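The structure appears right after this line, and notes come after that.
The values are calculated or read from the model by the stated rules, or taken from the named source; none is laboratory data. Every value quoted in this text rests on a predicted model; they were computed, and no experiment measured them. Please note: Cβ atoms are built from the backbone with ideal geometry, for glycine as well, and neighbour counts cover all protein chains shown.
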Amino acid sequence: MSAAERFLEVRDVVKHYGAIRAVDGVTFTLAPGEIVGVIGPNGSGKTTLFNSILGQIRPTSGSVAFRGEDVTGMAPLELARRGVGRTFQTLQVFGQLSVRDNLIAAAQEFQGSMIRRMFAAPDAGVGRRADEMIELFRLGHVADLKAGTLSYGQQKLIDIAMAFMPAPRLVLLDEPCAGVNPSLVEELRELLVTLNRTQGGSFVVIEHNMDFIMKLCPHVICMVEGKVLAEGVPAEVQANRAVLEAYLGN
Amino acid sequence: MGELVQLVVSGVATGAIYSLAALGFTLLWQASGTINFAQGEFVMLPAFAMLFCVLAGMPLWLGVLAACAAAMIVLGWGFKRLIVDPLIRHGVIPLVIATLGLSTFLKTTVRAGYSAEAHQFGSPFPGGVFRIAGINVSWADVGTLLVAGIIVIALQTFVTRTVTGRAMQAVAQNTEAARVLGIDVKRMVLYTFLINAVLAVVAALLITPTYLAKFDMGDSIGLKAFLAAIIGGFNQTRGALLGGVLIGVLENLVGFYVSPAYKEGVALMLFLGVILVRPEGLLGKVEERKV
């Protein structure tokens, strides 16, 4: 396996909750700049896999390596410092902060030492980047409003923009389209393509919107009951009989 | 009319001290889910520390600085590491019981180890009153309002206009998201405990000339600060300010126009009234919690 392919290496990850095997031996790799989609019915272990990769839960067994370093069970704070970000299924914006402050908060911790940050300008030197993201995500008209006062769709965009503020090397997006107006879905896909092209980061995307994921991701993994049922290019996975049965039932 | 204004001004000054202690309640709650029922004793201890320094011959300002340093180590860092960190993972109730125990322990220790007597504590402000628009205003009230106002404005500026303050707000609003975004949650929570310790020292400096330094002086201010925080809204720092000032003013008015005997019951009556009509507090927001 080449060094490039070992950018993210998830090897035989297992997570048990008592007798329940939420994730059951999942293995996949991700190359720099690659976008991988993860699909599967509800309860198939997708989010547990994300949490295992991001150290929010420690896998029962298996390993996760990022850029050649074993990061299995590493705390989210340490992973964030290594350039790994994520979004959650549910909104995670800071409701009492303005949109612009939300974006600054998402990147400020990466601007030098703690002492330097304590005496830094209020925008921590990332104000311009926040303005760029606000423009990219078309949030200019609400930039100074409290995030908690905005619509669900707008907050979802802020959530995603925050994950990209520190220019992460790897972003795990958990259902970015959930709750988003269908008219915004195509716009969101274009935004992610633009970010992938301009920032060069790698993405792993969990999504139930098949049209969105098939267009966005050149490589798709289908999980069922904690295991990888099928993987490959979108058309292959979509045509896979086992995948269809998993979604539609026998 | 002049009498009423005088009572209100004096009440606002006393309420500002309650507000400082109440601010500590809301800050700790927002940052770490901690309710500290030893908050009154956190005001009492610095009072004795400052008294000790002054009796040892130090000027008051140096005593205040020494008390701030000691409070940050003992009531900030020490309290968090020895009591909050081990217990918070077990939920709020064990921590509430522990801080109630800590309150008793601190009171008993000061009474047994130092004295059960009340000790005079010099005011940091000049004595006497001055007249303005026909109203008598004491220098102590003006000084108290100035110091409390400066502390509140400095705290608000720090929290809203600095990088570290923004990180503290982020932790208070959504700990999990803050952690994923690389914010050092433990450090931000520690800062909150240190700020609470400094607030307690300032409250002690302002209230002890009136309450006198006594082992049980924290009972009253601790209870009123707690009620002020609930009245204003436990999840809003502005609420703590409002709650404290409301209690201070109403205590003065009831004490003068009704009877001094009812003065100590004002905070409780106000608390009951607010909790029945608006359980989240006057400025508080209803919180959803995952169960």
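Points to keep in mind about this one:
- Residue in segment A:133-155 that is within 13 Å of chain B (Cβ to nearest Cβ), under 30 Å from A:Gly40 (Cβ atoms) and touching a residue at least 60 places away in the same chain (Cβ under 8 Å) present: yes
- Restricting attention to segment A:109-126, the residues that are facing chain B (nearest Cβ under 7 Å), buried (at least 19 other Cβ atoms within 10 Å of the Cβ) and of a type in the set (A, V, I, L, M) total 1.
- For segment A:78-90, a tally of residues being touching a helix residue (DSSP H, G or I) at 6+ places or on another chain (Cβ under 7 Å) and either buried (at least 19 other Cβ atoms within 10 Å of the Cβ) or of a type in the set (D, E, K, R) (or both) returns 4.
- Inter-residue pairs, beta-carbon under 8 Å, first more than 15 Å from B:Leu28 (Cβ to Cβ) and in segment B:70-92, second of a type outside the set (A, V, I, L, M) and surrounded by 15 or more Cβ atoms within 10 Å (Cβ to Cβ), 6+ apart: B:Ala70/B:Pro46
- The condition of being over 17 Å from the mean Cα position of the chain (by Cα), surrounded by 22 or more Cβ atoms within 10 Å (Cβ to Cβ) and over 21 Å from A:His208 (Cβ atoms) does not hold for A:Ala19.
- For segment A:66-86, the candidate set comprises residues that are in a loop (DSSP other than H, G, I, E, B) and more than 9 Å from chain B (Cβ to nearest Cβ); within that set, the residue that is farthest from the chain's Cα centre (by Cα) is A:Gly68.
- Boolean, A:Leu191 is assigned to a helix (DSSP H, G or I), aliphatic (A, V, I, L, M) and either without any contact (Cβ under 8 Å) to a residue 40 or more places away in the chain or out of contact with any helix residue (DSSP H, G or I) (no Cβ under 9 Å at 6 or more places or on another chain) (or both): no
- Residue that is in a helix (DSSP H, G or I), out of contact with any Lys or Arg (no Cβ under 6 Å at 6 or more places or on another chain) and of a type outside the set (Asp, Glu), where the choices are B:Ala203, B:Ala116: B:Ala203
For every residue, the table says whether it meets (1) modelled with pLDDT of 90 or more; (2) within 14 Å of chain B (Cβ to nearest Cβ); (3) at positive phi; (4) over 18 Å from the mean Cα position of the chain (by Cα).
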{"residue": "A:Thr27", "(1), (2), (3), (4)": "yes, no, no, no"}
{"residue": "A:Ala31", "(1), (2), (3), (4)": "yes, no, no, no"}
{"residue": "A:Ile53", "(1), (2), (3), (4)": "yes, yes, no, no"}
{"residue": "A:Gln56", "(1), (2), (3), (4)": "no, yes, no, no"}
{"residue": "A:Thr60", "(1), (2), (3), (4)": "yes, no, no, yes"}
{"residue": "A:Val64", "(1), (2), (3), (4)": "yes, no, no, no"}
{"residue": "A:Gln92", "(1), (2), (3), (4)": "no, yes, no, no"}
{"residue": "A:Ala107", "(1), (2), (3), (4)": "no, yes, no, no"}
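- Condition check for B:Arg238: within 14 Å of chain A (Cβ to nearest Cβ), surrounded by fewer than 18 Cβ atoms within 10 Å (Cβ to Cβ), touching a residue at least 12 places away in the same chain (Cβ under 8 Å) and closer than 30 Å to A:Gln92 by Cβ: yes
- Each residue in segment B:142-171 was checked for being among the hydroxyl-bearing types (Ser, Thr, Tyr) and either away from chain A (no Cβ under 14 Å) or under 19 Å from the mean Cα position of the chain (by Cα) (or both), and 2 pass.
- Criterion applied to B:Ala16, B:Ala70 was being assigned to a helix (DSSP H, G or I) and in contact with a Pro (Cβ under 8 Å, 6 or more places away or on another chain), and the one residue passing it is B:Ala70.
- Filtered by the rule that a residue be within 23 Å of A:Asp12 (Cα to Cα) and in contact with a Pro (Cβ under 9 Å, 6 or more places away or on another chain), segment A:235-249 gives a lone residue, A:Ala246.
- Residues that are surrounded by 14 or more Cβ atoms within 10 Å (Cβ to Cβ), of a type in the set (Gly, Ala, Ser) and part of a helix (DSSP H, G or I) within segment A:131-152 comprise A:Ala147, A:Gly148, listed in sequence order.
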